[in-house]
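Please treat every number below as a calculation from the coordinates, not as lab data. Keep in mind that this is a model prediction, so the values were computed, not measured. FYI the Cβ positions are ideal-geometry reconstructions off the backbone, even for glycines, and counts take in every protein chain you see.
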Amino acid sequence: MSGSETRTGEGPPLVDPPQLGTNLVGTIRSLLIAGMMACVVVSLVGVVQRVAPYWPGQYLALLAFVVCLEGIATERLLKGYSLGSGTRLQVRVVEWVLILVVLRLVLSLLGGWASLAGDVSRWMADPGAIFDVAYLTTALILLIVWQTSISLANDLLLLETSAYVEPAPPTTSDRFWIWITRPKDRTDTQAAMRHLSTVFSGGGVLLLIFTGLAHMDLQLLVRLEHPSTSGIVLTALVYFLLGLALLSQAQFSSLHYQ
């Protein structure tokens with residue numbers, strides 16, 4: 001069976017893996033998206049730690065990278081199966097319950113096994129203590145980058161599958177959902193490209209603002225001296241290199257469709 005054929009029957013994916021981006025190109029794109037999100041998180045951590053120095057955000061960029069990869073992989077997998085909205089929601093709820101449990105354990109383990117044991121005892125006595133400010137802040141940041149990465153991956157998936165055309169299957173067929181949600185015309189791919197560009201530009205602006213705030217030294221500004229910009233340049237350079245590579249891949253898919 002070739003990579004452009006659909007599968008029939010119940011259970012197996014409706015679209016072969018190459019169409020869902022699980023090939024090498026899809027993996028590279030997922031890594032690019034996760035890397036971009038991690039760069040933005042690095043800059044945000046610097047700002048938060050200036051306000052709350054004891055916030056355990058030193059490993060948040062790595063967590064964001066892993067969570068984004070997991071979210072994209074799950075999304076692509078779900079799109080390959082004929083699942084109802086209720087089932088998809090159940091999968092996502094279970095996914096986030098696991099993420100939140102792992103996140104809670106990781107934050108406690110940052111202080112060592114003794115810290116985890118003490119936290120567990122405290123949670124058993126007061127379950128509400130699980131949801132402290134540091135935990136909720138970290139979870140919210142991960143949720144935002146997770147959703148953003150999935151949105152970008154869906155844009156790329158639309159561009160990948162824009163050439164997917166077949167006659168309308170019967171409405172009772174498992175393939176009908178894939179067919180009805182396919183890109184209808186070039187407007188769909190143009191909207192996807194615009195969204196990719198907007199998120200890339202917006203993320204770059206936020207990264208520069210966050211990094212600038214994290215490295216801003218008011219005493220140096222008063223003395224009209226220039227603070228060090230090495231951290232700003234490195235983080236921004238990595239982000240924009242990854243973003244430009246991602247846009248290049250997206251543009252290639254768009255031109256291939258045209």
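For the pair VAL94 and LEU241, a Förster radius of 25 Å applied to the C-beta separation gives a FRET efficiency near 0.10, rounded to the nearest 0.05.
Remark: spin-label model distance LEU110-LEU140 equals 1.6 nm, labels positioned 7 Å along the Cα→Cβ axis.
The residues MET193, MET37, when put in order of fewest to most other Cβ atoms within 10 Å, stand as MET193, MET37.
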